[in-house]
Amino acid sequence: MIAGLALLLAAATPVPPALTVHSERFFHGEAQALVAASDDIRLRFPVRSLRTSGRWQVCSEPRLKGDCVELEGDYPVEAGLGMSFSIRSLRPIPPGSGAGASAPTMAPGGASLTGVTSRYWPAPTYGSERVLACPRGEPSRNCAHDTAEDLCRRAGYRQAEHFQLEDVGGRLMLSDVLCVKGAWGVTR
């Protein structure tokens, strides 16, 4: 019985966040493990692949500035990161904090309704987290519009025709996002 309890406790213990970068594709070459936030990090080599446990925000400039993306999972080649990628600052993202700017190859998820030329998400997600209205700063309608447009393009649609902002625990998230392929009334 004690062994069973120990197994249950071990299964419930979350894995601490870690980000391991590799100098070669497919997790080969030199490796460097990163386990804490850093405002200005200098890696020993260019990143060609990486693995994460937990979610991480990584940025191309010090102090979480520049091009920033949210990473979760394995990236066997740097092309999956969406840019000529260099990491200069990073931080682990706690669960439940909402999704920021995810890697460009990540498509939106969550329950949705798909029509002939449109798709509607009442509460879009990236991975298991709701999409923040403005992942790179203070929430504004313009920033949320850009986030909704990016979400629609990632899903293969031309634009966001409609979206709303929803307060979830003091954070503004995208909701009621309607993506369309073309002009209204025109099917292709």
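Brief remarks on what is shown
- Taking the conditions (1) assigned to a loop (DSSP other than H, G, I, E, B); (2) of a type in the set (A, V, I, L, M); (3) modelled with pLDDT under 90 in turn, Val116 satisfies each one other than (3).
The rows are residues; the columns are (1) part of a strand (DSSP E or B); (2) at pLDDT below 90; (3) outside the structural domain of Arg88 (by TED's automatic domain parsing).
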| site | (1), (2), (3) |
| --- | --- |
| Leu7 | no, yes, no |
| Pro16 | no, yes, no |
| Ser23 | yes, no, no |
| Glu30 | yes, no, no |
| Ile41 | no, no, no |
| Glu70 | yes, yes, no |
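- When Leu151, Leu165, Leu132 are screened for being surrounded by fewer than 19 Cβ atoms within 10 Å (Cβ to Cβ), under 25 Å from Lys65 (Cα atoms), in contact (Cβ under 8 Å) with a residue 12 or more places away in the chain and of a type in the set (A, V, I, L, M, F, W, C), only Leu165 passes.
- Test: residue in segment 164-173 that is touching a helix residue (DSSP H, G or I) at 6+ places or on another chain (Cβ under 8 Å), at pLDDT 90 or above and not in a strand (DSSP E or B): no
The values are calculated or read from the model by the stated rules, or taken from the named source; none is laboratory data. The model shown is predicted, which means the values in this text are computed figures rather than measured ones. Cβ: placed from backbone, ideal geometry, glycine included. Neighbour counts: every protein chain shown.
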